[in-house]
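The values are calculated or read from the model by the stated rules, or taken from the named source; none is laboratory data. Because the structure is a prediction, the values reported are computed rather than measured. Cβ placement follows ideal geometry from the backbone for every residue including glycine, while neighbour counts extend to all protein chains displayed.
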Amino acid sequence: MAHHGHHHEIVPPKRLELPRQFMTAAGVLAVLGAVLFAITLLAVDADVAWKGYLIGFWFTMGLGLFGPFFASIQHLPRSGWSVSLRRIVESFGWYIPVAGVLALVAVFMIPDSIYLWKQPNAANDPFLVKKLGFLNQTGFIIATVATFGGLSAIFYAMRTFSLKQDEEGGYELSNKLKMTSAVYLIVFTIGLSFLAWYFLMSLEPNWFSTMFSVYTFAGLFQSGLALTYVLMIYLGRKNYFGSFVGGRQVHDLGKMVFGFTVFYAYIAFCQFLLIWYANIPEEDVWYLQRMQNGWMTFTLVLPFIKFIVPFFIMLPQKIKKNKSNIMYYLSMWLVATQLFEIWYWVEPKPHGINTGGAHAAHDAAHHIGPSLLNAGLEFGIAFGFIGLFALVAGKALAGQNLIPVKDPYLHETLPEFTHEEPLMDGLYDQSL
């Protein structure tokens, strides 16, 4: 342990230069996704096209909202260990206004065969009629504009203060970042709840769940942490961070991925347990539709691929320190499983307005099972959104300093402060 007392030469960070191949690949992916959407919409099945749109939109929107959220929960307690990771998550935030535009496209253009509550005869449904004071087009527009407008404005202020700090330094801008972070968290919490209700939960408008908005947040946060971990390891191995990302960041972020994998499972199981033991038809319908006609396999697979297997892999401390690069690849897997789960939320949709109450079992029994062709088209369209997100976030990450060079808490990331070696080669840091 003698090396703990050593003084290490501080290696400065490098400005990120995105490979041309990355931008080209992301651009091609975005274009191909858009083309596939148009072909599916016009020549195959409009419902399949719009479900693919929703899947890709929600997946990338979640990553965009996660970025400033993670930065905010670090600013509020003035956490020092994560300062050098701030620019990664800030780059995600630039996708928020883009997601806002994509959301408005969905609000105005998705047909009532997807959102059944838009159908003219929705008021004839005895369950749905009680929701139409909230579940209507005007409310949909207001919630979307208010959420994305508010979050975009707050993030722009946060980003402005963050970049200004690179020039001026000092604690005053840290205090401003703390205040804007508090506002962001409030708007995020309320806004994400409304977005989850309108964009996802209203796909089955007679369904009731008090946990769904928290459930969507849990998946969003787990996948956002996992993507941040992947980028931290990838950029660190290329020495972009210099001395400012090392074993402590690898371990701490690994613990967060592990912790919120458990949190995700807790919320997901709570929703299922509450619905299962209450056994109320208008609540059961969501799970009934995912336990029949070929969907049971996906229902059983999901907890294994997103919680049980990752949980046991991450249990050893050395794995969270990325021994043998296992955590790096596992984090990629967790990001991919989030896309799979959103497909699992969106794809099974009941037919007809009366999908709750006494009609729940009937609709579940007559629901169409999963289609390999439809899934391929939907994932293909979703990959177009991923390409767009990569373009936006990549350009933002490369456009400014990769490290907040004058943040007053940046010194807490250095090995002299953490008593750790500034190693970052994608392997287990033996100094921890």
Scanning region 314-328 residue by residue, those loosely packed, with under 15 Cβ neighbours inside 10 Å and either over 23 Å from the mean Cα position of the chain (by Cα) or modelled with pLDDT of 95 or more (or both) turn out to be Leu315, Pro316, Gln317, Ser324
Residues in region 309-348 that are over 27 Å from Arg237 (Cα atoms), in contact (Cβ under 8 Å) with a residue 40 or more places away in the chain and of a type in the set (A, V, I, L, M, F, W, C): how many?
4
Which one of Gly242, Gly246 is surrounded by 24 or more Cβ atoms within 10 Å (Cβ to Cβ) and more than 16 Å from Ala336 (Cβ to Cβ)?
Gly246
If you check Ser193 against the conditions, is it closer than 21 Å to Ile275 by Cβ and either surrounded by 21 or more Cβ atoms within 10 Å (Cβ to Cβ) or of a type in the set (Gly, Ala, Ser) (or both)?
yes
Can you confirm whether Glu167 is touching a residue at least 40 places away in the same chain (Cβ under 8 Å), surrounded by fewer than 16 Cβ atoms within 10 Å (Cβ to Cβ) and under 30 Å from Arg78 (Cα atoms)?
yes
Inside region 202-237, can you point out the residues that are over 17 Å from the mean Cα position of the chain (by Cα), farther than 17 Å from Ile142 by Cβ and in a helix (DSSP H, G or I)?
Leu203, Ile233, Tyr234, Leu235, Gly236, Arg237
So in region 39-54, with the set limited to residues that are under 17 Å from Phe383 (Cα atoms) and not aliphatic (A, V, I, L, M), which one is surrounded by the most Cβ atoms within 10 Å (Cβ to Cβ)?
Gly52
Output the helices (runs of 4 or more DSSP H) that fall wholly within region 10-121 and possess 3 or more residues being touching a residue at least 60 places away in the same chain (Cβ under 8 Å) and of a type outside the set (A, V, I, L, M, F, W, C), or say none.
46-75, 86-93
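Applying the selection to region 117-162, what residues are among the β-branched types (Val, Ile, Thr), closer than 30 Å to Lys349 by Cα and crowded, with 17+ Cβ neighbours inside 10 Å? Break it down into steps so the answer makes sense when it comes.
Filtering region 117-162 for residues among the β-branched types (Val, Ile, Thr) gives 129, 138, 141-142, 144-145, 147, 154, 160.
Of the ones still in play, those that are also closer than 30 Å to Lys349 by Cα are 129, 138, 141-142, 144-145, 147.
Selection gives Thr144, Thr147.
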